[in-house]
Amino acid sequence: MDKELIRKNEITVEDEDTSLFMYVLSSIYMYLFVVVLAMVMAIHAMVNNWEKDIVGAITVQVSPVEDANKKIDKEKTEQQVNKVLQYMENVSGVKSVHVLDDKNIEKLMTPWLGTKIDIATLPIPKLLDVQLDTDESLNYDEITQGLHKLTPNASIDNHRLWLNKLLKFAGSLNTLALAVLIMVIAICAFSIYYSARTSLNININSIEILHIIGAQDDYIARQYARSYGKIGFFAGVIGLMFAVPSIIIIGKYGISTGSGLLNGAGLSPFSWVLIMITPIFSYFYARITAYYTVRKSLEKMC
Amino acid sequence: MSDFATNAQQPIIDMQNVAVGYDGTDVLSNIHLSLQPGSFSFVTGRSGSGKTTLLSMLYLIKKPSKGILNVFGNNINFTNRQNLALLRQRIGVVFQDFRLLEHLSVYDNIALPLRVRGMNEKEVSRRVMELLKWIEMHRSVYQLCSTLSGGEKQRVAIARAVINRPDILFADEPTGSVDAEIAEKLMRLFVELNKVGTTVVIATHNEQLTSEYNFQRIELSSGTAKLYPALQKI
């Protein structure tokens, strides 16, 4: 077909004065949407990382045994550690147990004590890193009792106490981010709804002509859906263009704080794919919202 | 939707005690009329007598406030939106003020009734080009309707009304804004369409026109309608 005969929509929202407002507003919403979506996914990844690192392991600590002169009895301590090691290796659900050597403990303590103190002279407990097959199969009360029978110096730390607090905090943060995400989606729907209704009023004559010549509501609604789909896609691309640098900057700032807690808060390749396809999501979202708004409005109009 | 075409005896339009108006006030009432398929009718009456109101009810954009209106055998009061649109696809309308979509080209305006029926673009193109030659506007295919003269707009409006070969053609004061020569041409066109089976209803206050063409007349006066048959040839 001749290029000049390329079909033009009977109703073109893009040509209206209000469309610029829709483009700008939708782009801002999409920017917010992408940033918050990235935040939700980062928090999710971070929590998963904590879970993965901590839930599959427990730590057993054995306090050093002191002699009559209140000095550390290395030999006795070593004996108790070996007993505990043997006991733990025989607990069902335990995959492996290994004692953290002084070098490892020194490494762990360095952030607090620095490098100038000889750790060997301090009453620091011996640590046993216990890797588990499954978290549920362990009876912590039974293990605690068993350890106490061996030595009152042994205690178990399943990391749950402080992890629960962190998870609660992360959960609240995630809920807040999700609420913002839902709010942005709802505001977008309202904007499309009111813009489409305004456009219907502007185009009332064209719509009446279309009805007279036998156009179904579906035909008119599809024209609006096409126009709003274009606006949605454009807004999605613009929002994404500004959001990606923001996400990268926020991510780099997070890493530069050096907090170990933020380890694993990065976005996975799958998350990036989700972020990159937001213009497609906004295209369909705008299309569907506009379509149903127009269908419902036309039924009430005439 | 009923298959009207199979029953030639059934009136194409049938009104029983119909009233129609605006905002609860009836402009026309107590209308009892039937139009047979293939008939040619004038709707006459003074300005403000309700010609446009009657036509807008007949081309199904306005519902009667009272009574029974059957179009193609369908009671309009009980026809849903979807079927109403299908019935409208069998109707062509020419407005006094043309009512073209000014931001569209001549081609797009004429193609509209075919596109709303979902016809493929190849067939749309074939039919539109054929009609453009017929109305002698094949050199203005891409021209925007906002740039056309009154006479050209009228030709486009007529082409749009007849392109889907409607069963009924309504024309509201089609000769109101054209000179006598074009009015004559237009009337000849409507008569031609009627000869090939299209039911034609023309609203006009042009008495010269109604006396020149001997067709049945629906006279609107005192808020009601009365049908005067065509004069018998001796």
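No lab work stands behind these numbers, since they all come straight from the coordinates. No experiment lies behind these values; they were computed from the predicted model shown. Every residue, glycine as well, gets a Cβ built from its backbone with ideal geometry; the counts of neighbours run over all protein chains shown.
Using only the alpha-carbon atoms of the stretch A:57-134 as identical scatterers, what base-10 log of I(q)/I(0) does the Debye formula give at q = 0.19, 0.23, 0.24 Å⁻¹?
Each listed q corresponds, in turn, to -0.85, -1.07, -1.11.
Size of the stretch A:174-225 along its principal axes in angstrom, Cα-based, largest extent first?
52, 18, 9
Per-residue HN-Hα couplings for the stretch B:10-22, Karplus 6.51 cos²θ - 1.76 cosθ + 1.60 at θ = phi - 60°, whole Hz, x for Gly and Pro?
The phi angles translate into 6, x, 6, 9, 9, 10, 10, 6, 7, 10, 8, x, 10 Hz.
Quick one: if you take sqrt(5λ) for each eigenvalue of the C-alpha gyration tensor of the protein assembly as shown, what semi-axes come out, biggest first, whole angstrom?
Over the Cα atoms of the protein assembly as shown, the ellipsoid semi-axes are 86, 24, 17 Å.
Determine the distance separating the Cα centre of the stretch B:85-143 from the Cα centre of the stretch A:17-87; give it in Å without decimals.
Using only Cα atoms, the two centres lie 68 Å from each other.
Using a 10 Å cut-off around each Cβ of peptide B:94-102, what is the average number of partner chain Cβ atoms that fall inside?
Values: counts 0, 2, 0, 0, 0, 6, 1, 8, 2.
Across the residues of B:94-102, the mean count of other-chain Cβ atoms within 10 Å is 2.
What do you get when you divide the Cα radius of gyration of the stretch B:100-164 by 2.2 N^0.38 Å, with N the number of residues?
Rounded to two decimals, the normalised Rg is 0.98.
So what is the relative contact order for chain A, in percent, with contacts set as C-alpha pairs under 8 Å and at least six apart?
Working: 347 pairs, mean separation 100.7, N = 302.
Answer for chain A is 33 percent.
Within 10 Å, count the other beta carbons around each residue, average over each peptide in A:162-170, A:119-127, and list them highest first.
A:119-127, A:162-170
Largest first, please: the extent of the C-alpha atoms of the stretch A:125-225 along each principal axis, to the nearest Å.
So the three principal-axis extents are 92, 22, 18 Å.
Considering only C-alpha atoms, what is the centroid distance from the stretch A:176-242 to the stretch A:267-302, in Å?
Between the Cα centre of the stretch A:176-242 and that of the stretch A:267-302, the gap is 9 Å.
Can you order the peptides B:101-107, A:226-232 by their average number of other Cβ atoms within 10 Å per residue, highest first?
Order by mean packing, descending: A:226-232, B:101-107.
Taking θ as phi - 60°, what are the ³J(HN,Hα) couplings along the stretch B:39-45 by the Karplus curve (6.51, -1.76, 1.60), each to the nearest whole Hz, with x for Gly and Pro?
Values, residue by residue: 7, 10, 10, 9, 10, 10, x Hz.
Expressed in whole Å with the largest first, what are the equivalent ellipsoid semi-axes of chain A derived from the C-alpha gyration tensor as the square root of 5 times each eigenvalue?
66, 19, 14
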